[in-house]
Amino acid sequence: MSSKPTGELVPLNIALLTVSDTRGPEEDTSGQYLEDQLLATGHQLAARRILPDDVYLVRALMSRWIADPAIHGIIITGGTGFHERDSTPEAVGPLLDKTIDGFGEEFRRLSQLDIGTSTIQSRAFGGLANHTVIFCLPGSTGACRTGWEGILNTQLDSRHGPCNFAALVQRKPDRPVHRLDEVIGDKAQA
């Protein structure tokens, strides 16, 4: 993937999603960490939400964000483990056009330095959908720090070489956003 670095940071519009059955805005330290980091590095917060760990709620919101031409990237924290309710990969995976296999591999390699072999229980992953880059991280603030400092900070930076995701996602087609019910209708056709 050749995304030529630029001399100045080209800010991206990034949406943040925390997937959790137990965290509200006050307890969402991972989402807050990611928001603080992306703003500190010059990017813009396009949206921020907290949803319960429900495949269909996550998939519905992700579909809307992926279709939005103003959103360049999405970072999700939570739901990537092996607990019964962890379902972020199942929710997001079917929406991807391409996977970024190296993201999960590199995340687990970096994470191993902090948590040892427990890193194999992380299903962190990344992908592309409709020119939107998507990164899914575990829910702990430490894991978000590892992902941001070790990978995302540079891969979302248009100045990073030899390649980055910034130039790729900014080629998102400029087209109007339609509401689903306007396009397919409110009621199912008989």
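The values are calculated or read from the model by the stated rules, or taken from the named source; none is laboratory data. Note that the coordinates shown come from a computational prediction; the quantities given were computed from them, not determined experimentally. Note that we place each Cβ from the backbone using ideal geometry, even for glycine, and neighbour counts take in every protein chain shown.
Structure data summary
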quantity	calculated
Selection status of G73, touching a strand residue (DSSP E or B) at 6+ places or on another chain (Cβ under 9 Å) and of a type in the set (G, A, S)	yes
Selection within the stretch 141-160 - over 15 Å from Q37 (Cα atoms) and out of contact with any helix residue (DSSP H, G or I) (no Cβ under 6 Å at 6 or more places or on another chain)	R159
Pairs with Cβ under 7 Å, 6+ apart, first in the stretch 97-109 and closer than 15 Å to Q121 by Cβ, second in a helix (DSSP H, G or I) and of a type in the set (G, A, S)	F107/G147
Number of the condition not met by G126 [criteria: (1) of a type outside the set (A, V, I, L, M, F, W, C); (2) at pLDDT 95 or above; (3) over 19 Å from T18 (Cα atoms)]	(3)
Residues being outside any helix (DSSP H, G or I) and of a type outside the set (K, R) - total across the stretch 116-154	18
Top-ranked residue of the stretch 7-24 - restricted to ones that are touching a strand residue (DSSP E or B) at 6+ places or on another chain (Cβ under 9 Å) and modelled with pLDDT under 90, ranked as surrounded by the fewest Cβ atoms within 10 Å (Cβ to Cβ)	G24
Residue list for the stretch 20-63, restricted to those being more than 20 Å from G139 (Cα to Cα), touching a residue at least 60 places away in the same chain (Cβ under 8 Å) and out of contact with any helix residue (DSSP H, G or I) (no Cβ under 8 Å at 6 or more places or on another chain)	H43
Any helices (runs of 4 or more DSSP H) falling wholly within the stretch 6-97 and containing at least 2 residues that are polar (S, T, N, Q) and within 27 Å of H160 (Cα to Cα)	29-40
Of all residues making up the stretch 155-190, the number that are part of a loop (DSSP other than H, G, I, E, B) and modelled with pLDDT of 85 or more	10
